[in-house]
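Undergrad: One structure follows; several queries about it will come next.
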Amino acid sequence: MGAALELAAQVRAGERSARDVVQEHLDRIGELDGEIHAFLEVTTDQALAAADAVDAQVAAGEDPGPLAGVPVALKDNLCTRGVPTTCSSRILEGWRPPYDATVVRRLRTAGGIDVGKTNLDEFAMGSSTENSAFGPTRNPLDVERVPGGSSGGSAAAVAAGFAPLALGTDTGGSIRQPAALCGLVGVKPTYGLVSRYGLIAFASSLDQVGPLTHDVADAAAFLDVIAGPDDRDSTSVTEAQPAVSATLDRGVEGLRVGVLDEITSVATPDVRARVGAAAEALAAAGAKVGEVSVPASKQALTSYYLVAPAEASSNLARFDGVRYGLRVDGADTAEMMVNTRTAGFGPEVKARIMLGTYALSAGYYDAYYGRAQRLRVLLQQEFAVAYEQYDVLLGATSPTTAFRFGERADDPLAMYASDLCTLPSSLAGHAAVSVPYGEGDDGMPVGVQVLGPALSDPLVFQVAAAVEATR
Amino acid sequence: MSERISTEDVARIAELARLRLTDEQLSHYVEHLGAVLDHAEDLDEVDLDGVPATWQAIPLSNVLRDDVVAPDVEPDEVLAQAPAAEDHQFRVPPILGEAP
Amino acid sequence: MTDVTDVTDVWTHEGYELVCGLEVHVELATASKLFSPAANRFGDDPNTNIDPVCVGLPGTLPVLNRHAVELAIRLGLALECDIRPSIFARKNYFYPDMPKDFQISQYELPICSDGRLELPGGHVVGIERAHLEEDTGKTTHVGGGGRIHDATYSLVDYNRSGVPLLEIVSRPEVRTPDQAREYASELRAILLATGVSDARMEEGSMRVDANVSVRPIGSDELRTRCEIKNLNSIRSLGRAIEYEAKRHIALYEDGEASVQETRHWDEDGGRTHTLRSKEEAYDYRYFADPDLPPLTPDPAWIERIAADLPPLPAARRHQLADAAGVAASEAALVVERGLDGLCLATIAEGADAGRVLVHATQNLSDGADGLAPGAFAALVGMEVGGDLTATQAKQVLAEMVETGRGPAEIAADRGFEAMDSGDLHSIVDEVVAASPDEWQRFVEGDQKVMGFFVGQVMKRTQGQADGKAVSARLRELAQA
């Protein structure tokens, strides 16, 4: 049983009060987050009130739900009613959404208690959390290193023991990569499995919400709570899917596991060695292990860095100073909009807005956006061939372990390459889970990634649990 | 220096995106965007003829809702977030041009 | 009037002819907005019909209104369009009345394409497409007398933001200002008959823009066009097109080129003035909206919608014209006034179709509630049989509508009997004798005097005489 599930069991059984659990975590945040900077906002009063409500339910003989009393950290691009939601951007400073994201409502209904909003790369654009307008987050395992990104605050919150569960969002690897760099389990569900309503969009056709946890069982339980059809999101899968937590103890006997060359060969030798070790362990557990190639993965980086900015350039247009958030006045409305956006967005966000504007502009659409979208289909076609041979694929999550601050900040392509291993399944819309699997030469954690086709989430979890069990 | 994007291009898209750049920022972004677009030449290595351009992981269509009035947030709560409001409306500096 | 093959019905001026296409935006008669559950209602206090989605709050997502799609299909079928799979795109531009700074609109693949609209006069205008999109909010300019350029600030109301619109785009096949007016009123009649929109031009739920160009008579080139906006009535539509066409002709005659641009119709000044130049086309960066899956209406759904379509004005005109043996254009007014059902039933009772249409056109008010086809037919029978004069029939009909009594009863009460020809002849003789000068002119061929003598006879008989019999007798006497 996972750490979070254990807490929930204690609360549900009345062995421990939710207030006690929540207070303990709030104390730890108060003590250590000054250095880590995982949180942008800690919602102490609201969390304690929610804890008391859980305790009252238990006292009344009711079951508060599977996440009873468990503290949850929320990435600050998920809307929370009345609580500042910034996307780590000046442009949303002070904005208090009048509604809750669907995932937030669902975790609360399950008894979970959100304790605060975590730091991210501005609008989730980055792989180190260095792009936050409110300062970087440090990796709790080595504060000289980045926690990864863009869900770096959520990853750091779990790794530092501030909350056993966190929600992140993954557009090109933004859950899995920080999970790998902080020694956690990170889940990118199949696109559409989890509602995006209330997730402030970066790239609509790629964004997915998912859990970051210490172990696979917690991640599965959490995903089962937040997944499912939502009539406020037209892209959410319209029929309920089987629970992912039902498959965890099934093992890998007879399953076919392919080590995906394109996402493994790009990794450093120590990371590659851990992938090899995981593959061997799965073989020892009864899986049939082989190697496989999905050649279009090589162009995934290009496709992603055209598609995601294109969608972002449109999604981020609404931040114009008219209706909410920052306004920097001007002589007329057009000037006010320019002033607001120029002051409100950070340099990386501006770069991607302009890149996306260019990719969609007249005369360039076909060469850039059009071809990038077609590459996604080619990638899906090639994955389909690979999945005829193998039930799941295995590979690295990040080409390297956690890097030091500033190391890649000046070279956009070096930073973008942090996502090489996670991009293919993002572009294809497929399921993927990163599981911590030992350490690299620098003593920092290494993650291995289990990939599966669309809606194979239960199978991916089954294999992820088996990988975890062989550690 | 990339041949894929010029200073004029970046100035034009910055204007389209309602961003103002200093000369220094302009040359920085020409370099930044140029590097990404140079890298994008690897797309030319792939044969994409006949490959359609769709992207859905799970093909959905006709996702519709019933025509029911059920707003779930008080309009006042939305208006309360306005940087400036007057007479229950969002107030902005004068609007000089028509919509394009 | 005109026919589709009638090439002479083209507006011409100083050697040029008109080429015009119309773009009509109509707000669909749904309860809620196109992509969210806020109310679609006109005239409420500002920003009361808003929700997080239609104000474009971060994190919100669109979900398509089924009824809006049905209404779009309904109109598409009424315009004989193909109903095809469609996708929603984002049209990107910054403007404060548009909360997301992009408009969701069908671009490359519209829901309805390739239709036709037959005008009451018979001319057919091709429909290029009809597509779904969301409306914008409304801005008010404060200070400077409400004028945009002098305003000190502006206010934005998002009640209209997200209201479902259908944009109906005609082919450039409108060739006279009258046809433009006919097109707009016929489209409006269809929108009302199908319940697709309340189509109120004065409230903005139907907005007509005209794309106007001219070319030398007989040419098939398409010259630079201007888009005319702010046409607040069907009357101003015709005026504006004529003004704009003449403006283009004057430009060409002066050796200048017309510039593709959007122009504003100034109703008071009776002229158009430029809004903005389209010379440098704005880069809207259209792309498929990743938040909305494609729309692929299945044939069974389309068939159900088709089965619910009421009879449309053109079909009703044809049905009545066939039954009455007249041209469709002659049935137009009767259909427009909703009297075609009554007329068809009355003709089916055996009544003379010509007299039925004359009464419906001249002597009945819209709808003519309560008039039974059987009684109407009996009245026409009495008239045709010579028991009532035309004038008497008109009076009886009015009383029938008012009281619901039968025609024979009313005629008897009023003492109406057809005048016998001997009485009529002697009255005509008296009238002729009383006005020898006029009679002389009539005999010499001045037909205009006929009306004078008929009037005199009617006066003496208090309208009881049969006008046709009077004129026949007058001609008889003149030739004798």
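Undergrad: Quick test of your reading: applying the under-4.7 Å Cβ rule, which cysteines of the protein assembly as shown are isolated?
TA: When partners are defined as cysteine Cβ atoms under 4.7 Å apart, the protein assembly as shown leaves A:Cys79, A:Cys87, A:Cys182, A:Cys421, C:Cys20, C:Cys54, C:Cys226, C:Cys343 without one.
Undergrad: Oh, and also: Compute the Cα gyration tensor for the range A:16-129, then decide on rounded, prolate or oblate, letting a ≥ b ≥ c be the square roots of its eigenvalues: rounded whenever a/c is under 1.5, prolate when a/b is larger than b/c in the other cases, and oblate in all that remain.
TA: Because a/c hits 1.5 or more and a/b exceeds b/c, the range A:16-129 counts as prolate.
Undergrad: Give the angle, between 0 and 90 degrees and rounded to the nearest 10, that separates the Cα long axis of helix B:7-16 from the longest principal axis of the Cα atoms of chain B.
TA: Roughly 10 degrees, rounded to the nearest 10.
Undergrad: Defining a contact as two alpha carbons under 8 Å apart and six or more residues distant in sequence, what relative contact order in percent does chain A show? Mind showing how you got there, number by number?
TA: Details: 1212 pairs, mean separation 81.0, N = 471.
Relative contact order of chain A: 17 percent.
Undergrad: Order of A:5-17, C:425-437, C:339-351 by packing, highest average Cβ count within 10 Å first? Write out the running numbers ahead of the final one.
TA: On the way: A:5-17: 18.4, C:425-437: 14.3, C:339-351: 20.4.
By packing density, highest mean first, the sequence is C:339-351, A:5-17, C:425-437.
Undergrad: Once the dipole of the protein assembly as shown is set up with Lys and Arg at +1 and Asp and Glu at -1 on Cβ about the Cα centre, which of C:Asn232, A:Gly82, A:Ser132 lies farthest towards its positive end?
TA: My answer, from the dipole projection, is A:Gly82.
Undergrad: Roughly how many Å is it from the Cα centre of the range A:193-259 to that of the range B:21-52, as a whole number?
TA: 33
Undergrad: Can you give me the long-range amide H partners of A:Lys75? Hydrogens built in the peptide plane at 1.01 Å from N, cutoff under 5 Å, separation of 5 or more residues or another chain.
TA: A:Thr118, A:Leu167
Undergrad: Could I ask something else about it? Using a 10 Å cut-off on Cβ to Cβ distances, tally the other chain neighbours for every residue of A:308-319 and report the average as a whole number. All intermediate terms of the calculation are to be shown ahead of the outcome.
TA: Working: counts 0, 2, 3, 5, 0, 7, 10, 7, 3, 12, 11, 4.
The per-residue average across the peptide is 5.
Undergrad: Please compute the contact order of the range A:120-217 in relative form: average sequence separation of alpha-carbon pairs under 8 Å and at least six residues apart, divided by the residue count, as a percent. Walk me through the numbers before you get to the answer.
TA: Values: 237 pairs, mean separation 25.1, N = 98.
Relative contact order of the range A:120-217: 26 percent.
Undergrad: Would you list, by chain and number, the lysines whose Cα falls below 20 Å from the Cα of C:Lys448, excluding same-chain residues fewer than 8 positions away?
TA: C:Lys459, C:Lys468
Undergrad: Right, next: Would you mind pulling out the separation of the Cα centroids of the range C:9-77 and the range C:344-392, in Å?
TA: Computed from Cα coordinates, the inter-centre distance equals 43 Å.
Undergrad: Right, here's the next one. Could you work out how far helix C:449-460 tilts from the main Cα principal axis of chain C, as a 0 to 90 degree angle to the nearest 10?
TA: Helix C:449-460 and the main axis of chain C meet at about 70 degrees.
Undergrad: Report, in debye and to the nearest 20, how large the dipole of chain C comes out about its Cα centre when Lys and Arg carry +1 and Asp and Glu carry -1 on their Cβ.
TA: Working: 47 positive and 78 negative charges, 139 e Å.
Here the size comes out at about 660 debye.
Undergrad: If you fit an axis through the alpha-carbon atoms of helix C:353-362 and take the longest principal axis of the Cα set of chain C, what angle between them do you get, 0 to 90°, nearest 10?
TA: 70
Undergrad: Something else now. Normalised by the residues of chain C, what does the relative contact order come to in percent, with Cα pairs under 8 Å and at least six apart?
TA: Working: 875 pairs, mean separation 66.6, N = 480.
With pairs under 8 Å counted, the relative contact order is 14 percent.
Undergrad: Given axes a ≥ b ≥ c from the Cα gyration tensor, I'd like to know whether the protein assembly as shown is rounded (a/c under 1.5), prolate (a/b larger than b/c) or oblate.
TA: Numbers: a/c = 2.75, a/b = 2.33, b/c = 1.18.
Verdict is prolate for the protein assembly as shown.
Undergrad: Separate question: Charges at C-beta only: +1 for Lys and Arg, -1 for Asp and Glu. How large is the resulting dipole of the range A:47-200 about its Cα centre, in Debye rounded to 20? Don't skip to the answer; put the middle values down first.
TA: Values: 13 positive and 14 negative charges, 69 e Å.
In debye, rounded to 20, the range A:47-200 gives about 340.
Undergrad: Still on this structure, I have one more. Using +1 at the C-beta of Lys and Arg and -1 at the C-beta of Asp and Glu, which of A:Ile29, C:Pro373, A:Gly286 has the Cα lying farthest in the positive direction of the dipole of the protein assembly as shown?
TA: Checking the options against the dipole of the protein assembly as shown, the answer is A:Ile29.
Undergrad: Sticking with this structure for a sec: Taking R0 as 35 Å, what FRET efficiency do you get between C:Glu409 and C:Val326 from their Cβ-Cβ distance, rounded to the nearest 0.05?
TA: In this case the efficiency is close to 0.65.
Undergrad: Under a Cβ-only charge scheme (Lys and Arg +1, Asp and Glu -1), can you give me the dipole magnitude of the protein assembly as shown about the Cα centre, in debye to the nearest 20? Before the final figure, lay out each step's value.
TA: Values: 89 positive and 159 negative charges, 96 e Å.
Computed charge dipole of the protein assembly as shown: roughly 460 debye.
Undergrad: Another question about this same structure. So for the pair C:Ala472, B:Thr7, with labels modelled 7 Å out along Cα→Cβ, what separation do we get in nm?
TA: With each label point 7 Å from Cα toward Cβ, the separation is 9.6 nm.
Undergrad: When Lys and Arg each count +1 and Asp and Glu each count -1, what net charge do the other residues less than 13 Å away from A:Asp52, Cβ to Cβ, add up to?
TA: Values: positive: A:Arg19; negative: A:Asp20, A:Asp45, A:Asp55.
Residues near A:Asp52 contribute -2 overall.
Undergrad: Could you list, in their original order, any pairs among A:Lys188/C:Lys91; A:Lys298/C:Lys100; A:Lys188/A:Lys298 whose Cα atoms are separated by more than 24 Å? Please report the intermediate quantities before stating the final value.
TA: Values: A:Lys188/C:Lys91 30 Å; A:Lys298/C:Lys100 34 Å; A:Lys188/A:Lys298 20 Å.
Pairs exceeding 24 Å: A:Lys188/C:Lys91; A:Lys298/C:Lys100.
Undergrad: Which residue, C:Pro311, A:Asn339, A:Ala8, has the largest displacement toward the positive end of the dipole of the protein assembly as shown when charges sit on each Cβ (Lys, Arg +1; Asp, Glu -1)?
TA: A:Ala8
Undergrad: Based on the alpha-carbon gyration tensor of chain B and its eigenvalue square roots a ≥ b ≥ c, which shape applies: rounded if a/c is under 1.5, prolate if not and a/b is larger than b/c, or oblate?
TA: Details: a/c = 3.32, a/b = 1.31, b/c = 2.54.
Oblate.
Every read-out reported here was derived from the displayed coordinates using simple, explicitly stated rules and does not represent laboratory data. This one's a predicted model, so the numbers in the text were calculated from it and none came from an experiment. Using ideal geometry, Cβ is built from the backbone for each residue, glycine included, and neighbour counts are taken over all protein chains shown.
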